[in-house]
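The values are calculated or read from the model by the stated rules, or taken from the named source; none is laboratory data. Owing to the predicted nature of the structure, the values given are computational and were not obtained by experimental measurement. Virtual Cβ from ideal backbone geometry, glycine too; neighbours counted across all protein chains shown. To get the accessible areas, we keep the full protein, side chains included, count just its heavy atoms, and leave off ligands, DNA and RNA. Shrake-Rupley method; radii C 1.70, N 1.55, O 1.52, S 1.80 Å.
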Amino acid sequence: MRKTAVAELSKLTTLKPSYALVADVDLVVIRWSDEEQVSVLYGRCLHRGALMADGHIEDGNLICGVHNWDYCYKSGVSSYNPSERLQRFNSWVEDGRVWVDEDEIRLWA
């Protein structure tokens, strides 16, 4: 495991997508509103490849800023088409930072 920090928790605005890059893979990081927890998802829309960090959260979904495709920000599954989903990567909060396993992301890429 290659533990890699992608954000400082205190700098993440609740329910506002933030951009991160790990192993040349675009990621989107979302701080949950009800817990000290985050989601780290693949950061490109499956429709046209737009950056999901440029989108917004609405009714529990991460909405792409280009064509409004939606994905549950907690799971990555599309509410419109559940067979489509953004990859969700393992992440955790430790010492005030958000961490991922860079090796997992490299394997997925």
Original post:
If you take every DSSP beta bridge whose two residues both sit in the chain, what share of them, in percent to the nearest 5, is antiparallel?
Top reply: 95
Original post:
Size of the dipole of the chain about the Cα centre, Lys and Arg at +1 and Asp and Glu at -1 on the beta carbon, nothing else charged, in debye to 20?
Top reply: 200
Original post:
Based on the alpha carbon coordinates of the chain, what radius of gyration and maximum Cα-Cα distance (Dmax) apply, in Å?
Top reply: 12.8, 37
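State the percentage of accessible surface on the chain attributable to carbon and sulfur atoms; use a 1.4 Å probe and exclude ligands, DNA and RNA. Show your work: numbers first, answer last.
Details: 2610 of 6000 Å².
The C+S portion of the solvent-accessible surface of the chain is 44 percent.
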Original post:
If you look at just the Cα atoms of the stretch 47-109, how large are its Rg and its Dmax in Å?
Top reply: 13.0, 37
**OP:** Under 13 Å from the Cβ of D26, count the other residues' Cβ atoms, weight Lys and Arg +1, Asp and Glu -1, and hand me the total.
**Re:** -1
Subject >> Residue-wise HN-Hα coupling along the stretch 24-36, computed from phi with Karplus coefficients 6.51, -1.76, 1.60 (Hz; x: Gly, Pro) >> reply: 6, 10, 6, 10, 10, 10, 10, 7, 6, 8, 9, 8, 7
